[in-house]
Amino acid sequence: MSRIEPIKDFEESELAPLFDQAEKWMGFQPNDGLLMAHKPAMLTSFFTLAKAIYAEGLVPSGLKRMIGHITSLAAGCEYCSAHTAYGADKQGVSKEKLEALWEFQTSPLFLDSEKAALNVALKAGTTPNGVSDEDFETLKTHFSAPAIVEIVGVIAMFGFLNRWNTTLNTRLEHAPGAFYKSLNRTK
């Protein structure tokens, strides 16, 4: 149970178009957004940021979801881990790849570029941040500066969301929760 109640009257609020868009993108109303809606300017700003981070760019959408997923796993946020696994599946990432995510460094399922990005995401998702100059040099062999900005944007957004959802104990919605429970995770 969430530590505060989400808003219930979003259909009649100025936020209705945001929630309509979120439901189109995600397939459900996200409870973290319903909590954030207590401060409408925060939700509107966050929505704009998330839209910019997830916009089509240099980093494939599926990789962005895996970056968010491993960042959230490292931070211990089950809500965000479930959302990012569900989102990765919707972006065409195989269930087998999601189940092997903790072994990305040695798994043949991952490209070297994915391994470099996931390595930085995993280390950045821990406290204190474990990303080294060497990790960044490896990342630079696979991604341009604008692509690295996309990658770090995903990591930073989930840093916020991981703290938000674990602090508020956000209730996980059925669809991402059921998908997440269906994964055969090794860790």
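The values are calculated or read from the model by the stated rules, or taken from the named source; none is laboratory data. Model, not experiment: these values are computed from the prediction. Positions of Cβ are generated from backbone atoms using ideal geometry, with glycine treated the same way; all protein chains shown enter the neighbour counts. For accessibility, only protein heavy atoms count, side chains too; no ligands or nucleic acids. Shrake-Rupley method; radii C 1.70, N 1.55, O 1.52, S 1.80 Å.
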Restricting the search to the stretch 20-41, which residues are free of Cβ contacts under 8 Å to residues at least 60 places away in the same chain and within 18 Å of the chain's Cα centre (by Cα)?
-> GLN21, ALA22, GLU23, LYS24, TRP25, GLY33, LEU34
Filter the stretch 103-122 for residues that are in contact with a Phe, Trp or Tyr (Cβ under 9 Å, 6 or more places away or on another chain) and free of Cβ contacts under 8 Å to residues at least 24 places away in the same chain; the one that is most open to solvent (accessible area, probe 1.4 Å) is LYS115
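Residues of the stretch 68-102 being open to solvent by 20 Å² or more (accessible area, probe 1.4 Å), hydroxyl-bearing (Ser, Thr, Tyr) and assigned to a helix (DSSP H, G or I), which ones?
TYR86
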Considering the stretch 123-166 alone, what residues qualify as being open to solvent by 50 Å² or more (accessible area, probe 1.4 Å), more than 15 Å from the chain's Cα centre (by Cα) and closer than 13 Å to LYS64 by Cα?
-> VAL149
Checklist (1) in contact (Cβ under 8 Å) with a residue 12 or more places away in the chain; (2) more than 30 Å from LEU139 (Cβ to Cβ); (3) of a type in the set (Gly, Ala, Ser) applied to GLY57, failing item = (2)
